[in-house]
Structures are given as structure tokens and as C-alpha cells.
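Enquirer: Have a look at this one before I ask anything.
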Amino acid sequence: MRNVTDTGSRVWACTQDGVVPDNAVEGQDVGVTCTTPSVASPIRLKLGWQWAKMSDNGLARMITLASPIPRKVTA
């Protein structure tokens with residue numbers, strides 16, 4: 001499990017689907033589900049097998065892009 005905060009200050013709890021991270025197959029993509037209280041439906045992402053090592057900013061950016069809640073647009 002991993003928690004990240006997006007640019008909207010929402011804290012997302014992310015877990016790998018199906019297998020424990022230690023059992024991930026090298027080079028194979030995995031499914032990751034992320035949830036936050038302010039979004040009714042979980043976000044599902046397909047990420048590389050080492051997703052737990054990616055930067056918080058990178059993971060938060062991918063979650064924000066997949067989120068059904070509109071993002072804040074900056075001018």
C-alpha cells in the first residue's frame with residue numbers, strides 16, 4: 001500500500017491488484033487501484049512492475065489524469 005497527495009490536496013491510498021508487490025513478475029505491468037474519500041469510484045491504473053518505487057509526483061500526476069473529478073485549470 002502507498003499513499004500519495006495530488007495537486008488538489010486529495011490523499012490517495014493505492015494498492016496493487018491481485019498479487020503482493022514482492023511477487024510481481026519483473027518487466028510485467030501490474031494493476032493498481034487508488035481510492036480517496038472525495039471520489040466515489042476507485043481509480044484503476046496499469047503501471048510498471050516497480051510502481052512502488054516511482055516518485056510521488058509521477059504517481060499523483062497519473063492518478064489526477066485518470067480521476068473523474070475535474071482538475072484545477074491554471075492559466
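The values are calculated or read from the model by the stated rules, or taken from the named source; none is laboratory data. All values derive from a computational prediction rather than experimental measurement. Cβ placement follows ideal geometry from the backbone for every residue including glycine, while neighbour counts extend to all protein chains displayed.
Enquirer: If you take the residues in the stretch 36-64 that are under 11 Å from Thr5 (Cα atoms) and among the β-branched types (Val, Ile, Thr), which one is nearest to the chain's Cα centre (by Cα)?
Expert: Ile63
Enquirer: Inspect all residues belonging to the stretch 19-38 and state whether any of them is modelled with pLDDT of 90 or more, assigned to a helix (DSSP H, G or I), surrounded by 12 or more Cβ atoms within 10 Å (Cβ to Cβ) and aliphatic (A, V, I, L, M).
Expert: Among the residues of the stretch 19-38, not one is modelled with pLDDT of 90 or more, assigned to a helix (DSSP H, G or I), surrounded by 12 or more Cβ atoms within 10 Å (Cβ to Cβ) and aliphatic (A, V, I, L, M), which makes the answer no.
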